[in-house]
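In what follows, a structure is listed as structure tokens, so that the remarks can point back to it.
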Amino acid sequence: MKIQWNGIRRIVPGQGGDCTLLLGSEKTAVIDTGMTWCSDRLVQLLETELNGRDLDYILLTHSHYDHAGGVPALKKRWSKAEVVASEYAKYVFGREGAQREMHRMAKVAADQYLGESGISEELAGLLDWPVDLMQVDR
């Protein structure tokens with residue numbers, strides 16, 4: 001299957017949260033997902049840009065929390081989206097200690113950007129994402 005990419009959009013839900021949306025003739029993808037603290041807003045902006053289309057791929061340049069922190073929110077919203085990343089990212093996401101550290105850094109960033117009073121229930125749930133939402137599919 002040959003996919004033509006019709007549109008490329010920069011999506012910025014908040015500081016440290018940008019990603020790139022690729023709108024193809026048949027498929028859609030994002031490159032990186034930014035930080036967890038603004039991932040609820042990222043989902044809203046992507047829903048608008050996708051205009052009813054599904055998100056097919058989440059492409060990660062690397063496994064750092066500021067590039068992959070939005071994965072749980074995107075997987076929660078678009079459960080069939082495939083996370084595509086390096087073998088090393090797959091290894092990192094599969095380590096319990098790495099997931100714990102990513103949770104810790106995500107919470108520190110949320111506190112820094114929003115303050116404790118600015119963290120909604122939904123965001124609090126995303127900051128403690130289940131391990132299965134932060135995995136590499138391919």
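Annotations
- For the range 47-78, chymotrypsin sites (Phe, Trp or Tyr not before Pro) meeting the loop criterion (DSSP other than H, G, I, E, B) and having at most 11 other Cβ atoms within 10 Å: none.
- Here the chain is treated as an ellipsoid with the same Cα gyration tensor; its semi-axes, largest first and in whole Å, are 24, 18, 12.
- Think of a 1.4 Å ball rolled over the protein heavy atoms: the chain then has 55 Å² of accessible area per residue.
- Cα-based shape type of the range 14-68, given that a ≥ b ≥ c are square roots of the gyration tensor eigenvalues and the cut on a/c is 1.5: oblate
- Distance between the pseudo-spin-label points of residue 90 and residue 47 (7 Å out from Cα toward the beta carbon): 3.2 nm.
- Rounded to 5, percent antiparallel among DSSP beta bridges of the chain: 60
- Counting only residues at least eight positions apart within a chain, or on another chain, the lysines with an alpha carbon under 24 Å from that of residue 90 are 27, 75, 76, 80, 107.
- Per DSSP, loop GluC sites (Glu not before Pro) in the range 5-88 with at most 13 further Cβ within 10 Å: 26
- Between residue 122 and residue 20, the modelled labels are 2.8 nm apart [label points 7 Å from Cα along Cα→Cβ].
- Electrostatic tally near residue 75: other residues with Cβ closer than 13 Å to its Cβ, Lys and Arg +1, Asp and Glu -1, net -2.
- Overall, the chain carries a charge dipole of about 340 debye about its Cα centre when +1 sits on the Cβ of Lys and Arg and -1 on the Cβ of Asp and Glu, all other atoms neutral.
The values are calculated or read from the model by the stated rules, or taken from the named source; none is laboratory data. What you are looking at is a predicted structure, and each value in this text was computed from that prediction instead of being measured. Every residue, glycine as well, gets a Cβ built from its backbone with ideal geometry; the counts of neighbours run over all protein chains shown. SASA here: full protein model, heavy atoms, side chains in, ligands and nucleic acids out. Shrake-Rupley method; radii C 1.70, N 1.55, O 1.52, S 1.80 Å.
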